[in-house]
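Worksheet for the structure shown next.
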Amino acid sequence: MKHLSICKRFMFFSEGQSSTQPGVNEEGQLKSRKISESTFREATNEMMVIAELPLSFIEGVGWKHFCDKMELGKPVSRRTSTRDIVKMYLQRKDVMKKWFKANKQMVSLTTDIWVAQVTRASYMVVTAHYIDPYWRLKKLIIGFKHVTDHKGATISKVLLDCLADWGIQKVYCVTVENATANSSALRKFQSEFSLVSEEALVLDGEMMHLRCSAHIINLIVKDGMADAYESVNAVRNVVVYVRASGNRLSSFDQKVDAGKLTRGSLPLDVSTRWNSSYLMLITAMKFRVDFDKMEQEDNLYNDYFLEMEGPPQFTDWKAIERLTRFLVIFYNSTLVVSASTSLNAYKCYGKIVTIAANLMDLMKSRDHQLQVKAEEMYQKFDKYWDGLKNINKMLIVATVFDPTKKMDLASMCFEEFYGQDSLEGKEMHDSVISVLHNMFKEYSDRYGKSQEEQSDHSKKSKAQASRCAEAESSLSMDLVEDGFGYKRTDRRYKQKLNEGVKDKRDELEIYLKEDVENPDLMVGVEYDVLSYWKRNCTKFPILSLMAKDVLAMQVSL
């Protein structure tokens, strides 16, 4: 106690504790500058989770030095931090569980199994996607389970257990890779999950199974690239040679006419990712003449390829040129369907049709080899999608909920593929309309009553407000009521409106009959589909609920 009276560190600590100087928080409000120990610990734990830092970080010299210099307090041990993080996780999970149970939120799921490289253990990840009441797309990992095998029964059981754990009782669709085990798993899941409640699935889960679009594109492209493997490898080897050292890069730069060359100007691919291979190939094509100069003038370049495959010859460049004609079709589509934090369901069908249309055009090419290759890839494309006629109709339905397309895009695609006024095109059009009407009827039966109650409540509120307004106006202007032959035009007009014939069309018909949205947007700016439905949710109460579930659907893992 005597020491504390002369201890300078304790004096500084006491002054900091008694400091009343306020600060400003993110919302612009005054707050105390004093940081409590609990806030410090919580912020530290959140930092480690968000930054994916190891638990040993909290016991490191660097963090202790930082805390000491900033006078934030003494860091806890890694064991204490572990308990705090687990406790924080359980608390947040409990809050989300209560939210799901209270709101009875319908979700779309994506699930995949991956194998750890070191331990060779298999893990199954389950992710839920939905659009919240504020019309924001949400993505939550609700399951990260260790599985012993990749069988359909195991996948189905993990899905059911995960949904039961979170109290989720409504599933719109499940997106999985194009594998036999996944098809078997979803058949079992559909039959068992449908017993949870009558509203567990939409349309009895007939279109619940959605195949991963990015995975299908990947399978098609890998099959197509197999024939050109040697040519691609030859180009990869020359890129590796040029990028290997500064001297080689300078030597190649002397052959190039277009500006200063860097390693970034000549990207190297990841052999297991075809999209990076495409970027490497189209860049290498630009330097084709310069690679030929290296072969003619650089002896070290030629000596290097005495033991390596390459450099690419005329036939290799022709094969690469044909290959890039295909890859550009799939590359642009992959960029769209692979997005996981933004809406992509309403774009998928358009990209599928784009791939099919471009392959059909290449099938008419005068280049015989290009024509044969296009036919092979189109057959694989048609096989993986189970034919454009048998494609999951939910992908087409999703385009309808884009106000800039509605049924116009689907109708145009049907006309292009099957011919104008053809029987097949009419059947496809009618089948999509039938799915829309069946969905609307099901959603009306589920939510129609609650929506009517909300509508009646709003009408009563408006009526009460109008009566109050009339009462106030009667105080200011004492109008004479009808009588003695006196007629009021405003009363007769209001009576005529009430007696008028109401529009008997439902929301779906009104939405489809209205003109599509065609706003003037800046280049590179996309139309915000969710904002449209947020603005029009009172006009289309049932249809907006359908839009929430359809647009939250994920077309890729």
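Using all alpha carbons of region 271-430, what is the percent of pairwise distances in each 10 Å bin, ordered from the shortest bin to the longest?
9, 28, 29, 18, 10, 5, 1
Give me the count of lysine pairs in region 118-246 whose alpha carbons sit under 17 angstrom apart, restricted to pairs 8 or more positions apart or on different chains.
Lysine pairs meeting the criterion: 7.
Using only alpha-carbon positions, what ratio does the radius of gyration of region 321-387 give when scaled by 2.2 N^0.38 Å?
1.18
Once you mark the GluC sites (Glu not before Pro) that are in a DSSP loop and have at most 16 other Cβ atoms within 10 Å, what is the longest gap between them in the chain?
With a cap of 16 other Cβ atoms within 10 Å, the longest stretch comes to 310-480.
Check the straight Cα-Cα distances from residue 389 and name the aspartates and glutamates below 17 Å, setting aside those fewer than 8 residues away within the same chain.
206, 415, 416, 421, 424, 427, 430
Taking every eigenvalue of the Cα gyration tensor of the chain, multiplying by 5 and rooting it, what semi-axes result, largest first, whole Å?
Semi-axis lengths for the chain are 51, 43, 26 Å.
Return the carbon/sulfur percentage of the accessible area of the chain, one whole number, probe 1.4 Å, all protein chains in place.
Ligands and nucleic acids excluded, carbon and sulfur reach 52 percent.
Suppose every K and R has +1 on its Cβ and every D and E has -1 on its Cβ; what is the size of the dipole of the chain about the Cα centre, in Debye to the nearest 20?
2300
How much accessible area per residue does the chain have, in Å², with a 1.4 Å probe?
60
So for region 277-376, if I pair up every lysine 8 or more residues apart or on another chain, how many of those pairs have alpha-carbons under 24 Å apart?
8
Can you show me the helix-derived [θ] at 222 nm for the chain, built from DSSP H runs with n ≥ 4 at -39,500 (n - 2.57) apiece and divided by the number of residues, rounded to the nearest 500.
Rounded to the nearest 500, it is -19000 deg cm²/dmol.
The values are calculated or read from the model by the stated rules, or taken from the named source; none is laboratory data. This one's a predicted model, so the numbers in the text were calculated from it and none came from an experiment. Backbone-built Cβ (ideal geometry, glycine too); neighbour counts: all protein chains shown. Areas reflect the complete protein model, heavy atoms only, side chains present, ligands, DNA and RNA absent. Shrake-Rupley method; radii C 1.70, N 1.55, O 1.52, S 1.80 Å.
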